[in-house]
Amino acid sequence: ALRAAGPAKMAAAGGGRYFCTAGRGLELFLAREVRVRLGATEVDCVSGKVFFSTEAEPAELRNLKSAERLFLLLKKHPPLAVSRNKGKMLHEIKSLVIDEPKYWLDALSIWRNIHGCEGKKNDMSQENHLPLKRKSQEETNTATKRQKTEQTMSEECQAEAAERYMLPERKSDQDCWTESKTSLEDPSKSSGEKPIVNEKLSFRVSCRCSGAIAKILHSQEIGRAVGIALMKQFGWRADLRDPNLEIFIHLNDVYSVVGIPLFRLPLANREYIETAGLRSTIAWAMASLAEISAGAFVLDPMCGLGTILLEAAKEWPVTCYWGADISDAQLEGADVNIRTAGLMDKIELLKASVKALPLPSESFDTVISDIPFGKKFKITKDIRLLPDILQEMERVLRVGGTIVLLLSQDLRKHMDGITKCAENDSPNAVFNSTSETVTAKALNMDGDSSSLMNGVEESFLSSGQRQFGGLVPDGVYGVSLGKTDAFIYKYRKISTAGNQQIPK
């Protein structure tokens with residue numbers, strides 16, 4: 001059962017109650033990360049969000065890698081009772097947002113402290129810098145690594161951007177009241193009451209509704225009602241373009257949440273990545289599964305723009321990283337990203353085909369890669385090369401090493417078909433014909449991503465996976481890439497299999 005929560009629970013030493021949005025499938029990655037990185041307590045996962053308490057500093061909060069956006073939590077309540085009476089429901093929503101002004105005073109105090117430390121300049125100056133949509137595969141060469149910049153805006157962020165509503169800037173309070181009078185009832189309108197917080201902040205409301213309540217009220221109606229209530233209660237000024245403060249409201253069949261975004265840009269927008277490729281949160285999650293240790297050798301044999309290598313090198317820097325790709329354009333983009341991130345001494349690039357890597361056998365501790373997929377990779381000879389690709393990755397991997405791959409649904413079917421042919425089940429994970437649960441490896445922020453978190457379990461999607469050569473499956477994670485789903489596959493090499501010749 002969800003409990004009401006708010007800034008009243010914040011620690012006196014500057015701690016706060018927060019929540020982050022996360023791409024589907026990354027919630028448990030994020031829950032582990034906030035515990036380890038921030039020392040968070042009261043961690044609660046729901047679909048698309050993770051709630052937690054922490055006394056971490058702003059710089060630590062900003063450093064979260066598996067989160068989309070970070071919010072200061074104002075209210076978290078069970079879902080509102082749905083009624084056909086719009087006026088009654090709007091009144092309940094307004095009460096949810098503006099009742100108990102102490103929550104607002106406490107939250108605004110933390111918000112000011114954070115922005116006092118961080119400064120507003122960098123965040124606010126880039127307000128209109130929206131992540132780019134992914135280019136379609138028809139626009140790229142079939143031999144090139146696909147760019148998933150579609151993934152640079154998660155489903156959560158897309159919904160927030162599409163459903164951001166606020167009162168028109170040039171309308172007066174009276175004009176807006178007249179416009180929405182059929183659905184708004186506020187007996188204090190003409191009472192002459194004074195604003196509780198007499199501070200001339202500008203604000204806007206972002207409202208998202210789903211489930212039963214969305215069948216009764218539109219987000220725009222709720223945004224208008226809440227906006228008027230906030231102006232009357234606090235004396236604030238509505239500003240859609242460049243507000244001091246944004247109020248986020250999410251109402252569904254599971255909870256009612258009100259929060260304040262702490263940073264204007266999503267945490268997933270990495271400042272050290274010049275050109276976006278794979279979604280940075282997915283790349284980081286893949287690296288966190290790879291059990292990267294200090295002094296290890298890590299390879300991405302289809303590196304594209306190098307996002308996986310960048311995320312890994314930023315988090316686990318005392319490691320040697322190599323990236324290969326057959327495309328000159330992709331390697332040039334990766335080189336720009338590496339230079340922008342200041343990682344020239346950490347990451348080496350080479351032009352090579354993943355089918356014939358000019359690298360010694362058993363020379364890498366970890367192989368991580370995003371296998372290309374999309375319209376031009378679904379029903380072509382490329383997909384039939386998957387066994388050869390997997391065999392070459394296995395060849396360059398040392399015994400005891402790990403392979404982490406990102407696969408589309410189609411590639412996943414082919415992968416399952418390949419691995420089902422072998423005889424031995426994984427000794428590290430027990431699978432059945434439906435869904436399986438295994439204990440998951442979690443990251444360790446001290447430079448090793450292989451420590452085991454007690455009591456944390458994950459559900460994996462699989463279908464009787466079996467050994468391929470010397471590789472055994474060690475977990476499958478379903479994740480969302482925005483408009484499509486994908487699967488992170490993890491394998492461990494337990495023995496040398498097949499031809500392990502050093503290429504000439």
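The values are calculated or read from the model by the stated rules, or taken from the named source; none is laboratory data. If you're wondering where the values come from, they're calculated on a predicted model, not measured in any experiment. Because the Cβ atoms are built from the backbone with ideal geometry, glycine has one as well, and the counts that use them run over all protein chains shown. Heads up: the accessible areas ignore ligands, DNA and RNA and are worked out on the full protein's heavy atoms, side chains in. Shrake-Rupley method; radii C 1.70, N 1.55, O 1.52, S 1.80 Å.
Worth a mention:
- Taking the stretch 39-92 and the strands (runs of 3 or more DSSP E) fully enclosed by it, no element has 3 or more residues that are open to solvent by 50 Å² or more (accessible area, probe 1.4 Å) and more than 25 Å from residue 286 (Cα to Cα).
- The single condition among (1) open to solvent by 60 Å² or more (accessible area, probe 1.4 Å); (2) at pLDDT 95 or above that residue 326 does not satisfy is (2).
- Any hit, the stretch 284-293, residues being out of contact with any Pro (no Cβ under 9 Å at 6 or more places or on another chain), over 19 Å from residue 477 (Cα atoms) and modelled with pLDDT under 95: yes
- Number of the condition not met by residue 356 [criteria: (1) of a type outside the set (Ser, Thr, Tyr); (2) surrounded by fewer than 16 Cβ atoms within 10 Å (Cβ to Cβ); (3) assigned to a loop (DSSP other than H, G, I, E, B); (4) modelled with pLDDT of 95 or more]: (4)
- So residue 275, is it at pLDDT below 95 and over 30 Å from residue 77 (Cβ atoms): yes
- Any hit, the stretch 364-374, residues being in contact with a strand residue (DSSP E or B) (Cβ under 9 Å, 6 or more places away or on another chain), open to solvent by 30 Å² or more (accessible area, probe 1.4 Å) and in a strand (DSSP E or B): yes
- Taking the stretch 298-336 as the range and being out of contact with any helix residue (DSSP H, G or I) (no Cβ under 7 Å at 6 or more places or on another chain) and closer than 11 Å to residue 348 by Cα as the test, the residues that pass are 309, 320, 322, 324, 331, 334, 335.
- The numbered conditions (1) under 30 Å from residue 307 (Cα atoms); (2) touching a Gly at 6+ places or on another chain (Cβ under 8 Å) are all true for residue 286 except (2).
- The single condition among (1) touching a Lys or Arg at 6+ places or on another chain (Cβ under 7 Å); (2) at pLDDT below 90; (3) within 20 Å of residue 338 (Cα to Cα) that residue 302 does not meet is (2).
- Some residue of the stretch 285-298 being surrounded by fewer than 24 Cβ atoms within 10 Å (Cβ to Cβ) and under 14 Å from residue 334 (Cα atoms): no
The rows are residues; the columns are (1) among the small types (Gly, Ala, Ser); (2) under 19 Å from residue 51 (Cα atoms).
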| site | (1), (2) |
| --- | --- |
| 249 | no, yes |
| 260 | no, yes |
| 291 | no, no |
| 295 | yes, no |
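- If the condition is being assigned to a loop (DSSP other than H, G, I, E, B), polar (S, T, N, Q) and farther than 17 Å from residue 201 by Cα, then the stretch 212-248 contributes no residue at all.
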